[in-house]
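*Asks:* Handing you a structure now.
Readers should treat all values here as calculations from the given coordinates under stated rules, not as data from a laboratory. Quick caveat, the model's predicted, so the values are computed rather than measured. Here Cβ is always computed from backbone atoms with ideal geometry, including for glycine, and neighbour counts include all displayed protein chains.
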Amino acid sequence: MMEILQFAWNILFRSLLSIVVLFVLTKLMGAKQISQMTFFDYAIGISIGSIAADIAADIESSYIDAVCGMAIYAAVAVGTSFLTQKSMKARRIFTGTPTVLINRGQILKDNLSKARYDINELLCECRIAGYFNIADLEYAIMEPNGRLSFIPKAAKKPVTAEDLQLCPRQERLTANVIIDGKIMKENLRSMGKNEDWLYQQLKIQHIKDAADIILATLDTDNNLSVYREGEKRKGIQILE
C-alpha cells in the first residue's frame, strides 16, 4: 500500500510540477508564443511541451534535468526574440519573410509550392476571409506566422466613411462593470462612477441584486447594458 501511495504521490507531484514550470516559462516567453508563432517558435513550443509530458509520464527520469532542459529551451526562445528585435538578418532567419501568393490578380504557383499550399487551401482561406471569388483579389500574402493577408481590387474594396466623406464619432472602449455577479470596482472608477451610482441605475432597471447579473457594461456615453441569466439584454441610456 505504501508503495502505491508513494507512486501516486510521485505522479501527482511530477504532473503538477510540469504544469507550473510550463506555465511560468510560457509567461516568460510572452503572448507571441501562443498567438503569432513562427516556425522557430513552434519548434521551441513542441520541444518544451514534450519535455513537460516526460516529467509526468516517465517517473524514472530526473525531473530536475527535465526542468533544466525546459529552461534552456525557454532561454533560447527569449534570447532569439531579443536578437530578432536588434538584427534584421536574424529576423529573416528565425522569423522568416512574407510570401506573395497572388500578385496583381495572378496566382504564383511557384510561391504556392514554396509555402506548401495547394489551390484548394488557398481558396479555403479566401472564403474564410470573405472573398468567395478569387478574381476580387489583387494581392494575397502569407505572413511568417502562417496567416494570409489579402488586398482586394479597388472596385471590391469595402466602402469606408472616408470614401463617403462622413465624419462618424470615434467609438471608445466599453468597461465591464459587473462580471458573474461581481462588481469591477477599478473599472467603475476608471469610468468616473462609483458603486452607489451603479446600484441606483440597477434599481431603475428593477434589479435588486448584482449577483443575478452575468455581465453589465458601461460606455463613455453612460449607456449601461445589463445581461441577466435566462433573459435578453436590457439597455438604458443614462443622461447627465
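*Asks:* Would you work out which of Ile11, Ala57, Asn103 lies farthest towards the positive end of the dipole of the chain, given +1 charges on the beta-carbon of Lys and Arg and -1 on that of Asp and Glu, about the Cα centre?
*Replies:* Asn103
*Asks:* Out of the trypsin sites (Lys or Arg not before Pro) in the stretch 97-142, which ones are loop residues according to DSSP with at most 15 other C-beta atoms within 10 Å?
*Replies:* Values: sites: Arg104, Lys109, Lys114, Arg116, Arg127; in loops: Arg104, Arg116.
Counting only loop positions with at most 15 other Cβ atoms within 10 Å, the trypsin sites (Lys or Arg not before Pro) in the stretch 97-142 are Arg104, Arg116.
*Asks:* In the structure displayed, which of Lys27/Lys86; Lys114/Lys153; Lys27/Lys156; Lys157/Lys185; Lys89/Lys157; Lys89/Lys109 lie more than 32 Å apart, Cα to Cα? Write down the numbers at each step before the final one.
*Replies:* On the way: Lys27/Lys86 22 Å; Lys114/Lys153 25 Å; Lys27/Lys156 41 Å; Lys157/Lys185 43 Å; Lys89/Lys157 35 Å; Lys89/Lys109 27 Å.
Cα-Cα > 32 Å for Lys27/Lys156; Lys157/Lys185; Lys89/Lys157; rest within.
*Asks:* Would you mind telling me which residue in Cys126, Cys68, Cys167 has the biggest mean-square fluctuation in a Gaussian network model of the chain, where springs connect alpha carbons within a distance under 10 angstrom?
*Replies:* Maximum among the listed residues: Cys167.
*Asks:* Between Met142, Met191, Met70, where does the largest GNM mean-square fluctuation fall for the chain, given springs only between Cα atoms within less than 10 Å?
*Replies:* The residue with the greatest mean-square fluctuation here is Met191.
*Asks:* For the chain, with a Gaussian network of springs between Cα atoms less than 10 Å apart, report the residue from Pro168, Pro158, Pro144 with the top mean-square fluctuation.
*Replies:* Pro168
*Asks:* If you wrap the chain's Cα atoms in a convex hull and average its projection over all directions, what's the area in nm²? Present the calculation step by step, with values, prior to reporting the outcome.
*Replies:* Values: hull surface 92.4 nm².
Dividing the Cα hull surface by four gives the mean projection, 23.1 nm².
*Asks:* Under a point-charge model restricted to the Cβ atoms of Lys and Arg (+1) and Asp and Glu (-1), what is the dipole moment magnitude of the stretch 1-129 relative to its Cα centre, in debye to the nearest 20?
*Replies:* Numbers: 12 positive and 10 negative charges, 197 e Å.
Dipole about the Cα centre, nearest 20: 940 debye.
*Asks:* A follow-up question, please. Over the chain, calculate the relative contact order: mean separation of alpha carbon pairs under 8 Å at least 6 apart, over the residue count, as a percent. Please list the in-between numbers first.
*Replies:* Values: 265 pairs, mean separation 27.2, N = 240.
Contact order relative to length: 11 percent.
*Asks:* Considering only Ser47, Asn120, Val21, whose Cα is most displaced toward the positive end of the charge dipole of the chain, charges sitting on Cβ of Lys, Arg (+1) and Asp, Glu (-1)?
*Replies:* Result: Asn120.
*Asks:* Can you tell me the FRET efficiency between Ala155 and Asp110 if r is taken as the Cβ-Cβ distance and R0 is 25 Å, rounded to the nearest 0.05?
*Replies:* Taking R0 as 25 Å, the efficiency between Ala155 and Asp110 is 0.35.
*Asks:* About the Cα centre of the chain, what is the dipole size in debye to 20, counting +1 per Lys and Arg Cβ and -1 per Asp and Glu Cβ, all else neutral? Walk me through the intermediate numbers first.
*Replies:* Working: 28 positive and 27 negative charges, 167 e Å.
Dipole size: approximately 800 debye.
*Asks:* Tabulate in residue order the Karplus-calculated ³J(HN,Hα) for the stretch 142-152, using 6.51 cos²θ - 1.76 cosθ + 1.60 with θ = phi - 60°, rounded to whole Hz; enter x for Gly and Pro.
*Replies:* For the stretch 142-152, the Karplus curve yields 8, 7, x, 8, x, 7, 9, 10, 10, 10, x Hz.
*Asks:* Please state the relative contact order of the stretch 175-237 as a whole percent: Cα pairs under 8 Å, 6+ residues apart? Don't jump to the answer; show the numbers that get you there.
*Replies:* On the way: 93 pairs, mean separation 20.5, N = 63.
The normalised contact order for the stretch 175-237 reaches 32 percent.
*Asks:* Report the extension gain between Arg169 and Asp118 in nm, rounded to one decimal, defined as 0.36 nm multiplied by the number of residues separating them, less their alpha carbon distance.
*Replies:* Values: separation 51, 0.36 × 51 = 18.36 nm, distance 4.35 nm.
Net length gain for the segment: 14.0 nm.
*Asks:* Using the Cα centre of the stretch 89-215 as the reference point, and only Cβ charges (+1 on K/R, -1 on D/E), how large is the resulting charge dipole? Debye, rounded to the nearest 20.
*Replies:* On the way: 20 positive and 16 negative charges, 96 e Å.
That gives the stretch 89-215 a dipole magnitude of about 460 debye.
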